[in-house]
Amino acid sequence: MKRGAGSTASGIEGWKVVEFPGIAPTRFVGTAEGGIDVLSDKSSAMLYRALGPEEAGRRYLTWRWRVDKAPPPTDLTRRDGDRPLAIHLCFRIEGRKAGFMDRMIRAVGPDVEGFGRDDRCLTYVWGGLSETGRMFPNPHMKDRGVMVILRGAGAPTGAWFTEKIDYAKDYRAAFGEDAPKPSVIAISGDSDGTESIADGTIAALTFSDT
């Protein structure tokens, strides 16, 4: 298992960690190649950053990821489901009442400007029991979040995979509306429900027009 030293975010510039009360935090460690190791040990946390106008104005997101150790497959339609890696795109919807992200941010503290105001999220997942391509409500966010399975429980460990998503298309499929510009991107690793260990890496997160 890859290891890093220091806090829950080591060697990573421009990102911040959200920890959850009463849960050990997953650790995020920058790699020499510019990737981010996500190290979960009976833990959960999110690493996030705000998107600038140039990134937010582009329709596609690509990245590379691999899992070296995964938690036991779980039902991600339930709140106690675990997954080794996930990427979250969050969208600020003007005029809506405070949602899950707002309440979560208030619980952990005020130093997370911008994140708590994002009312809807698309979560792209490696893990779970569902088949690849399945889309379903995020159990933590009800009608404001949707999970999309990109790599199911049968995906091989120790191998890199490249993903390219059209978030505007996915947003319309999820919420029945045209997508606003995303405002936050986050990554997470989650193994507290199964009290297990997970180990993966995300690299080369890139927004593009084509």
Handout entry: Residues of type aspartates and glutamates that residue 69 reaches as a straight line, Cα spacing below 18 Å, ignoring anything fewer than 8 places off in the same chain
Key = 37, 41, 82, 190, 192, 195, 199
Problem - Among beta bridges that DSSP assigns inside the chain, antiparallel share in %, nearest 5 - result: 85 percent
Practice task
Quick one: order 195, 13, 177 from most to least accessible surface, probe 1.4 Å.
Solution key: 13, 195, 177
Exercise for the section: Please get the size of the charge dipole for segment 121-172, origin at its Cα centre, with Cβ charges of +1 on Lys and Arg and -1 on Asp and Glu, quoted in debye to the nearest 20. Expected result: 100 debye
Completion exercise
Residue span residue 60 to residue 131: 0.36 nm per residue of separation minus Cα-Cα distance leaves a gain in nm of 23.3 nm
Exercise for the section: Can you check how the C-alpha radius of gyration of segment 115-210 compares to 2.2 N^0.38 Å, as a plain ratio? Expected result: 1.13
Completion exercise
The correct ranking of 190, 80 by accessible area at 1.4 Å, largest first, is 80, 190
Handout entry: Peptides 36-46, 135-145 ordered by average Cβ neighbours within 10 Å, highest first
Key = 36-46, 135-145
Exercise for the section: First measure r as the distance between the Cβ atoms of residue 143 and residue 31, then evaluate 1/(1 + (r/R0)^6) with R0 = 41 Å and state the FRET efficiency to the nearest 0.05. Expected result: 0.65
Completion exercise
In terms of the charge dipole of the chain, which places +1 on Lys and Arg and -1 on Asp and Glu at the beta carbon, the residue among 145, 43, 193 farthest towards the positive end is 145
Practice task
Summarise the accessible area of the chain (1.4 Å probe, protein heavy atoms) by the percent that is carbon and sulfur.
Solution key: 49 percent
Completion exercise
Any aspartates and glutamates whose Cα falls less than 14 Å from that of residue 169, other than same-chain ones fewer than 8 residues away, would be 177, 178, 209
Handout entry: Rg/Rg_ref, the chain, where Rg_ref = 2.2 N^0.38 Å and atoms are Cα
Key = 0.94
Practice task
Mind putting a number on the dipole of the chain about its Cα centre? Charges go on the C-beta only, +1 for Lys and Arg and -1 for Asp and Glu, and I need it in Debye to the nearest 20.
Solution key: 240 debye
Handout entry: Relative contact order of segment 137-206, defined on C-alpha pairs under 8 angstrom at six or more residues apart (%)
Key = 12 percent
Completion exercise
For the chain, the per residue accessible area (1.4 Å probe, Å²) is 46 Å²
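The values are calculated or read from the model by the stated rules, or taken from the named source; none is laboratory data. Bear in mind that the values here come from a model prediction, so they are computed numbers and not experimental data. Using ideal geometry, Cβ is built from the backbone for each residue, glycine included, and neighbour counts are taken over all protein chains shown. Each accessible area value is taken on the protein alone, full model and side chains, heavy atoms only, with ligands, DNA and RNA left out. Shrake-Rupley method; radii C 1.70, N 1.55, O 1.52, S 1.80 Å.
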